[in-house]
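**Student:** Please see the structure below; I have some questions.
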C-alpha cells in the first residue's frame, strides 16, 4: 500500500498538468494548471518529468493520511503545511511515513496551491493529458476517501528547496488589444487602462468576473457577431457590461465581444489574485508580451538548476550528522576503526 | 471592415477572419483555408481551429515569430479567392442513425409546426439533406452542420431548457447541432442518435471533423436499442492512421 488517502479537500480540487493542446478543432481548449509556474516548481523539486501532474487545491484546506513512505512537496499560494503538526515549508521536499497526517491550510496569500508526488500523481491520460476539465468531463477530480498514488520512477531526497518567487499580489496585469477591441468606443478603451479592477467572488477555472471603478463597458454591436474563437486571457464583456477574464477552462468559442486579452506571461499572476484584490490593466504590444513570455519560460526552465539542499530539513540534518559530523568530527578515526 | 483580415488573438495566436457573420461562402472559405493550413506543415503552428467565420492559428513563439506567420498567411490569402474555392468532396459520407421524436426529441412536433410541415415531412426533409460539418466548438465534440432547407430557418428558443443528452439532434437557423456531451441549450431537439461521437479513451476520440459530410437516417426504437457503433469507429481508425 502506498500513496495518500484523502481526508479533506477544498471544492474544485483537481488533477492538473500543462493541459492538452491540439484538440481545439474538436471543441476542447487546452486547460491545464491555473499557475503553471507553481507546477514547474514542483516538477523541479522532485525531478519529475514535465508531463507530471499535480493536485491543484483552490483556496480551502486539505488533509491527507500517508499509506506508505513517500517524498512530497507543496508549491503555489502561501499556506501552512504540517506533517503530524510539524511545520513544513512551501517549495521544499519533505518526507512522509506511513500513517503521517499531512495538512495543507487554506491559502493565506494567493489562491491555487499544488501538491506534488514523485513522478507525478497517477490518473487516466485522456487526449494526451491528465488535466481535469469539468465541462468537458475529462480527467480526475478526486474526492474524500480516494487515494492519490505516485507514479514514481524518480528519486528526490527530503530538504530540496527553491527560493520564493515574487509574482504574487501584482498591482498591474498586462493586456493586448484583440480582434474585437475596435467594437468598443474610445472612452471604454481609455477606461480599460485607467480603471481600478477588483476580483469578485464569481471565479473558477473558467473565468473571473471583475468589478471596475469605471462602471460598465458596452460594445457597439451594430452588427451581430457570429461566435468566434476565444483564447485564455480574453476579457469578455457580457450583455450586462461586466468584464470577465476567461481562463484555462474557457470554452473554445463565444459570442460576447472581447475588449482585450491578458498576456500569457501574466495569466498565473492574475489567477493567483485573491478575491477582493485590486489591480490595473496596462496595455502592451505583442513584442513586449512575447518578451515577457520568453522570460517566464526561461525562468521556468531554469528552476531545475536552482534547486538547493536546505539544511533546515530535519531528515536532511540527520544525513548531515551521519556523514559529516559523526564520521568527520566526533569519530575522526575511521581508518583506525577499520 | 475588409475581409479576410488577420489580427493577433493574444500573444500566442492569430485570427484570420473571413466575415463578421456566418454565411455559406464565409464558412466555405474558412474550411478551405483551414484545410490548406493543415496540409502546409508550416513550422511553429501548434494547432488551427476553424469557427463559423474564422480560423484561429495557435503558434509557438519560441519556434516562429508571429510576423513571419502573418506574412505567410497574407501571401496565402492573396494567392486565391478563398470565398470561391470549391472544397473537394473526397470525404465519404457518415450515415448517422437517428431516432426522431419521442422522449429525446420532444420538440419535433413544435418544430414541424413552425416549419409548416407535418412531423413525418420534417423527418423526411431532415434525413434527405446532405450536410457538412462546419466546425466543432462550444463543447467538446459538439458539431455544427449545415445547410438545411429553408423550412428549418426556425429561431432558437429564447431561454435554455433542461440539458439535452449527448447525441441529441438539435435544429435551428438552417443548421443541425450534434452535441457529444450533455449541454443546456436553446436549440430544438427533434431526435437522438445512438452513435456516440466522442469516446475519450480512443486514440482518435472524435468521430466527426470539420469538412466531414453527414446524412441522417431514421431508425426505429428497436434498432436504436441494439445499435452497434463499432464499425463507425473502426472506419475512423482506418481513415486516420
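The values are calculated or read from the model by the stated rules, or taken from the named source; none is laboratory data. Computed from a prediction, not measured in an experiment: that's the story for all the values here. We place every Cβ from the backbone using ideal geometry, glycine too, and count neighbours over all the protein chains shown.
**Student:** Could you check segment A:208-327 for helices (runs of 4 or more DSSP H) lying wholly inside it with 2 or more residues that are away from chain B (no Cβ under 14 Å), surrounded by fewer than 20 Cβ atoms within 10 Å (Cβ to Cβ) and modelled with pLDDT of 95 or more?
**Tutor:** Values: elements: A:267-271, A:286-306, A:314-320.
Because the criterion is at least 2 residues that are away from chain B (no Cβ under 14 Å), surrounded by fewer than 20 Cβ atoms within 10 Å (Cβ to Cβ) and modelled with pLDDT of 95 or more, the helices (runs of 4 or more DSSP H) in segment A:208-327 that meet it are A:286-306.
**Student:** Going by the conditions given, is residue B:171 farther than 30 Å from residue A:123 by Cα, out of contact with any helix residue (DSSP H, G or I) (no Cβ under 8 Å at 6 or more places or on another chain) and not in a loop (DSSP other than H, G, I, E, B)?
**Tutor:** Taking the combined requirement at face value, the residue does not satisfy it.
**Student:** Still on this structure, I have one more. Tell me which residues, restricted to segment A:123-168, are within 18 Å of the chain's Cα centre (by Cα), modelled with pLDDT under 90 and within 14 Å of chain B (Cβ to nearest Cβ).
**Tutor:** If the condition is that a residue be within 18 Å of the chain's Cα centre (by Cα), modelled with pLDDT under 90 and within 14 Å of chain B (Cβ to nearest Cβ), then A:134 is the only one that fits.
**Student:** For residues that are closer than 14 Å to residue B:80 by Cβ and more than 11 Å from chain A (Cβ to nearest Cβ), scanning just segment B:36-56, find the one that is surrounded by the fewest Cβ atoms within 10 Å (Cβ to Cβ).
**Tutor:** Going residue by residue through segment B:36-56, those that are closer than 14 Å to residue B:80 by Cβ are B:36-37, B:39-40.
After this cut, where a residue has to be more than 11 Å from chain A (Cβ to nearest Cβ) as well, the list is B:36, B:39-40.
On the way: B:36: 16, B:39: 8, B:40: 12.
Checked segment B:36-56; the qualifying residue surrounded by the fewest Cβ atoms within 10 Å (Cβ to Cβ) is B:39.
**Student:** From the list A:42, A:22, which residue is within 14 Å of chain B (Cβ to nearest Cβ) and either more than 22 Å from residue A:274 (Cα to Cα) or crowded, with 24+ Cβ neighbours inside 10 Å (or both)?
**Tutor:** A:22
**Student:** Moving on to the next point. Could you check how many residues of segment B:10-35 are within 22 Å of the chain's Cα centre (by Cα), modelled with pLDDT of 95 or more and either facing chain A (nearest Cβ under 7 Å) or within 17 Å of residue A:286 (Cβ to Cβ) (or both)?
**Tutor:** Number satisfying all stated conditions: 5.
**Student:** Is it the case that segment B:218-230 has a residue that's touching a helix residue (DSSP H, G or I) at 6+ places or on another chain (Cβ under 7 Å), outside any loop (DSSP other than H, G, I, E, B) and in contact (Cβ under 8 Å) with a residue 40 or more places away in the chain?
**Tutor:** Looking for residues that are touching a helix residue (DSSP H, G or I) at 6+ places or on another chain (Cβ under 7 Å), outside any loop (DSSP other than H, G, I, E, B) and in contact (Cβ under 8 Å) with a residue 40 or more places away in the chain, one finds at least one in segment B:218-230, hence yes.
**Student:** Give the residues of segment B:133-149 that are more than 14 Å from every other protein chain (Cβ to nearest Cβ) and modelled with pLDDT of 95 or more, sorted by residue number.
**Tutor:** B:148, B:149
**Student:** Can I ask one more? Exactly one condition in (1) outside any helix (DSSP H, G or I); (2) modelled with pLDDT of 95 or more; (3) within 21 Å of the chain's Cα centre (by Cα) is not met by residue B:154; state its number.
**Tutor:** That leaves (2) as the condition not met.
**Student:** Testing residue B:182 on (1) within 28 Å of residue B:26 (Cα to Cα); (2) surrounded by fewer than 22 Cβ atoms within 10 Å (Cβ to Cβ); (3) under 18 Å from the mean Cα position of the chain (by Cα), one condition comes back false. Which one is that?
**Tutor:** (1)
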